[in-house]
Structures are given as C-alpha cells and as structure tokens.
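Q: Right, I'll just put the structure down here and ask away after.
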Amino acid sequence: MSDITSEPVLEGAVLRSAPHLLDAMARRRSVPAAALAAPAPSDEQLRQILTLAVRVPDHGLREPWRFVVIAGEARAELGRGLAPLYRAANPQMDAPKREKFAGIMERLFLSAPMAVVVISRPDRACAIPLFEQELSAGAVCMNLLHAAQASGFGAMWVTGWAATNPDAAALIGAGEGERIAGILHVGTAASMPPERSRPDVEALTSFWAPPAA
Ligand SMILES: Cc1cc2nc3c(=O)[nH]c(=O)nc-3n(C[C@H](O)[C@H](O)[C@H](O)COP(=O)(O)O)c2cc1C
C-alpha cells in the first residue's frame, strides 16, 4: 500500500475519482466461513486491512472500537472455552440440541483461518451519543470487509450467540461496557456464494418536500 495519507487528495477543486473503488464496492459480497480457507492475511496484510478499517468517521474522535484477532491455535482453544459456556447458559435445552449447538460453538473459529472481532467500546462519559459511537464501530466492520476483499481475501460479518452472550463475549475479549460489533471471518475464498438479490434503492429513497399546508 502506498503512503496514501501523504498523497494529494484534490485535483483542482474536485476529489480524485476512484473507479476501482466503485468496482470493488459493486462486487463485494460476503463469503461464509465454511468457504474460507488458508492462507489468512499475513501480518503485513492484516496490519494494512486494519489500518484501512479504522479510517472511518468518528464523531468526537473517541476511537470507540478496537480489535481482537483470533488465529492459529487460539481458534481451537477459544472454541473449547465457548462450548461449556453454551452448555451452562442453556440448562433447560433438550440435551441433543444443546450438544449440537455446543459443538457449533466449539468449531466456530475452525473453518476460516482468521477472525477479527470488532469490539465496540463507547465512551459513555463523553457528549457524543452512544448510538453514534456504535455506528462508528459498524463503519469499521464495513470498512474491514472492503479492505479484506480488496486485499484478495473473502470475509463475512457475523454475530450470533458467541457475540451476544455476556460470558462468551467476555471470553472473546469484550470488557466491561464493551460489546462485540462483529465477528469478521477472514480467509481465502475457496468458492464464492451466488449473488443475492440486492435492495431496490429507488423504493428506499425519497426526496424531502415540505409538508402539505
Ligand atoms: C451486525 C450484523 C450481524 C450479522 N450476523 C450474521 C450472522 O450471525 N449470521 C449470518 O449468517 N449473517 C449475519 N449477518 C449478515 C451477513 O454479514 C451478510 O450481510 C449477509 O450474508 C448478506 O451478504 P452480503 O454481505 O453479500 O450482502 C450479519 C450482518 C450484520 C450487519
């Protein structure tokens, strides 16, 4: 990656256009963890992906997010910790069903070679609304998906029980007052999912007009 921050961003009074970026955005789609294989991003590629991921709007510059990377042996070790937490959290569940989902938790990080957990860590004492700080964490997740794909990797943003159960989230690394904004599986796409239907932007868009008198 060139030193993007030192490059001029203006040509005359017009921001330089980036057709490659538009193309990449138009092509982005999630690749499920089951379709993500080794290799994971190298240390240098990961550093670059995360550097781009944090280039997000951040009202008040609170940096209300951080990362936990799960790779290598840690993937299995974390899964071995999640499974008993799932069992303990679901004592009333039908035993075969509980074992099935505990097994899914045990294998959660084994398919993809890497997961980057985006932790939302809003500063509740500052004047910036909590919602805005959490939106910024979502923007980090989205940027990370784009940066991963533009670096040649597949990725998918998930949450689920491991992200939302307090004990599981704590084991993954969320501290007091923090939440998991996303678990982003990252790896080399062994296959691509078919394109899904995309929202009808026209149906979702209106142009403001003054209320009828
Ligand atoms: C906050 C958040 C959590 C998500 N959690 C899950 C999840 O747990 N499991 C899942 O299959 N998809 C989840 N998704 C949806 C996928 O990330 C993805 O958007 C979806 O598969 C559509 O694919 P696309 O990214 O190609 O549009 C989540 C999306 C968001 C924004």
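Q: Looking only at GluC sites (Glu not before Pro) in DSSP loops with at most 13 other Cβ atoms within 10 Å, what is the longest site-free stretch of the chain?
A: Working: sites that count: GLU176, GLU195.
Excluding the exposed sites themselves, the longest stretch runs over 1-175.
Q: Can you tell me the convex hull volume per residue for the chain, based on C-alpha atoms, in Å³ to the nearest whole number?
A: Working: hull volume 45.8 nm³, N = 213.
With only Cα atoms used, the chain gives 215 Å³ per residue.
Q: Related question: For an R0 of 22 angstrom, estimate the FRET efficiency from the Cβ-Cβ distance between ARG16 and ARG62 and round to the nearest 0.05.
A: It comes to 0.15.
Q: Oh, and also: Report the full-extension gain for the segment THR205 to ARG55: residue separation times 0.36 nm, less the Cα-Cα distance, to one decimal in nm.
A: My answer for the length gained is 51.3 nm.
Q: Points 7 angstrom from Cα along the Cβ direction at ALA170 and ALA213: gap in nanometres?
A: Using points 7 Å along Cα→Cβ, the separation is 6.2 nm.
Q: Additional query: If R0 is 30 Å, what FRET efficiency do you get for ASP123 and ASP43 from their C-beta distance, rounded to 0.05?
A: Details: r = 30 Å, r/R0 = 0.99.
It comes out at approximately 0.50.
Q: Then there's this: Taking 0.36 nm per residue of separation and subtracting the Cα-Cα distance, what length does fully extending MET192 through ALA34 add?
A: Numbers: separation 158, 0.36 × 158 = 56.88 nm, distance 1.07 nm.
Contour length minus Cα-Cα distance gives 55.8 nm.
Q: Starting from region 87-178, pick out the trypsin sites (Lys or Arg not before Pro) whose DSSP state is loop and whose Cβ has at most 10 other Cβ atoms within 10 Å.
A: Values: sites: ARG87, LYS97, ARG98, LYS100, ARG107, ARG124; in loops: ARG107, ARG124.
Those that pass, being in a loop and sparsely packed, are ARG124.
Q: A further question on this structure: Taking 7 Å along the Cα-to-C-beta vector as the label spot, tell me the ALA24-GLU132 distance in nanometres, rounded to one decimal.
A: Here the answer is 2.8 nm between the modelled labels.
Q: Given R₀ = 41 Å, what would the calculated FRET efficiency be for ALA95 paired with GLU73, taking r from the Cβ atoms and rounding to 0.05? Walk me through the numbers before you get to the answer.
A: Numbers: r = 30 Å, r/R0 = 0.73.
According to the calculation, E is roughly 0.85.
Q: Among rounded, prolate and oblate, which fits region 69-185 when a ≥ b ≥ c are the square roots of the eigenvalues of its C-alpha gyration tensor, a/c under 1.5 means rounded, and a/b larger than b/c means prolate? Provide the component values of the computation, followed by the final result.
A: Working: a/c = 2.38, a/b = 1.32, b/c = 1.81.
In terms of gyration-tensor shape, oblate.
Q: For region 182-190, what does the Karplus curve 6.51 cos²θ - 1.76 cosθ + 1.60, with θ = phi - 60°, yield as ³J(HN,Hα) per residue in whole Hz, taken in order and with x for Gly and Pro?
A: Residue by residue, region 182-190 yields x, 9, 10, 6, 9, x, 8, 5, 7 Hz.
The numbers here are math on the coordinates, done by the rules we state, and not lab data. Quick caveat: nothing in here was measured; it's all calculated off a predicted structure. All Cβ positions, glycine included, derive from the backbone under ideal geometry; neighbour counts span all protein chains shown.
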